[in-house]
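The structure appears right after this line, and notes come after that.
We did not get these values from a lab; they are worked out from the coordinates using the rules stated. Please read these numbers as outputs of a predicted model, since none were measured by experiment. Cβ coordinates were reconstructed from backbone atoms using ideal geometry, including for glycine residues, and neighbour counts include every protein chain displayed.
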Amino acid sequence: MNFLILLLGRIGDMILLTPFLKILNEHYPEAKIDVIASVHNWMILKDNPRISKIFVYNKNPWNLLDLILKIRLKKYSYYIDPKDHYSHESQYFAKIVRADKKIYYAPLTNCNNIFSLREFDKNSGVHFTQRLMQPLQYLGIDISAIPVRPELWEDKNSQIYIGNYFTQLSRNKVNILLNISASNPKKMWEISKWIEFLATLNFTYFNLIISSDPKDRDELITIHKKFPETSISPARNFT
């Protein structure tokens, strides 16, 4: 048995998919799991031992043609896009992928081998990670009591790099990581809101590590200067 999973979007989307991949791997340990990822999130799975192959979706015509040819060479047991809303890319790949069964958002389908996901109300209170679990039900997996803690895998160099960073922090405190960025600028707090929020905290019992997308570096530095007791996350793509 083998699976092809589609998850485009940003880094956060892929991180929240990792519980789904973990459960799928644990229930089908002999199956191969391939993933179509985006140029923005593929690196999250780079060192994940549960994944057999990562295909990177790039809209460049030549890269896209190469991706299509590679996918068409394989026959899958399942094609799964776990997102519960309409996506042009999902519909497109569902048509070109050779799979015995396909699970994705396709409310108007009447094909016997296509299983459509139910769309959740964004205000339903169901966490995005749990919504991504929905396809597992079509595989006979009970998801009612499954923990949804994401998992990350890093290479040896990253372990050493982060390990050296943490030796500089107080070992008697809890480490908390705060990311100030968002994929959509409209979802981001203004600096004034972050400053107002951080001013209410007592840093006696924890190390606060702040991070951001590279494009938000100036905001990150401004917050750190206002609260020098914070630390800046050691992202290696910062120059």
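Numbers below:
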quantity: The range 2-139 - charge dipole about Cα centre, Lys and Arg +1 at Cβ, Asp and Glu -1, debye rounded to 20; calculated: 320 debye
quantity: Peptides ranked, highest mean first, by Cβ atoms within 10 Å: ranges 133-142, 112-121; calculated: 133-142, 112-121
quantity: Value at 222 nm in deg cm²/dmol, rounded to 500, when DSSP H runs of n ≥ 4 in the chain each add -39,500 (n - 2.57); calculated: -9000 deg cm²/dmol
quantity: Given charges at beta-carbon only (K, R positive; D, E negative), |dipole| of the chain in Debye; calculated: 440 debye
quantity: Listed residues ASN164, PHE128, PHE3: farthest to the positive end of the dipole of the chain (Cβ charges); calculated: PHE3
quantity: Cross-link pairs beyond the 29 Å C-alpha cut-off, checked among LYS70/LYS186; LYS46/LYS102; LYS186/LYS226; calculated: LYS70/LYS186
quantity: Shape of the range 2-139, Cα gyration tensor, a/c cut at 1.5; calculated: rounded
quantity: Estimated distance in nm for a label pair at THR204 and ALA182, the labels positioned 7 Å out from Cα along Cα-to-Cβ; calculated: 3.3 nm
quantity: Cβ-defined net charge surrounding ASN184, 13 Å radius [Lys, Arg +1; Asp, Glu -1]; calculated: +1
quantity: Computed over the chain: relative contact order in percent, which uses C-alpha pairs under 8 Å that are six or more apart; calculated: 16 percent
quantity: Crossing angle, helix 11-27 versus the chain [Cα axis fit, 0-90 degrees, rounded to tens]; calculated: 50 degrees
quantity: Nearest 10 degrees, 0 to 90: helix 61-72 Cα axis against the chain principal axis; calculated: 60 degrees
quantity: Cα coordinate range in the range 156-232, projected on the principal axes (Å, largest first); calculated: 35, 30, 18
quantity: Cα-based helix-to-principal-axis angle, 217-226 vs the chain, degrees rounded to 10; calculated: 30 degrees
quantity: Cα-derived Rg over Rh, computed across the chain with Rh taken as Kirkwood radius; calculated: 1.01
quantity: Relative exposure of PHE197, PHE55, judged by other C-beta atoms within 10 Å (fewest first); calculated: PHE197, PHE55
quantity: For SER212, net neighbour charge (Lys/Arg +1, Asp/Glu -1) across residues whose Cβ lies under 13 Å away; calculated: -2
quantity: J(HN,Hα) series, the range 83-99, from Karplus relation 6.51 cos²θ - 1.76 cosθ + 1.60, nearest Hz, glycine and proline x; calculated: 6, 9, 8, 5, 8, 4, 5, 4, 5, 5, 5, 4, 7, 8, 6, 8, 9
quantity: Computed label-point distance, nm, for sites THR222 and ARG50 using a 7 Å Cα→Cβ extension; calculated: 3.9 nm
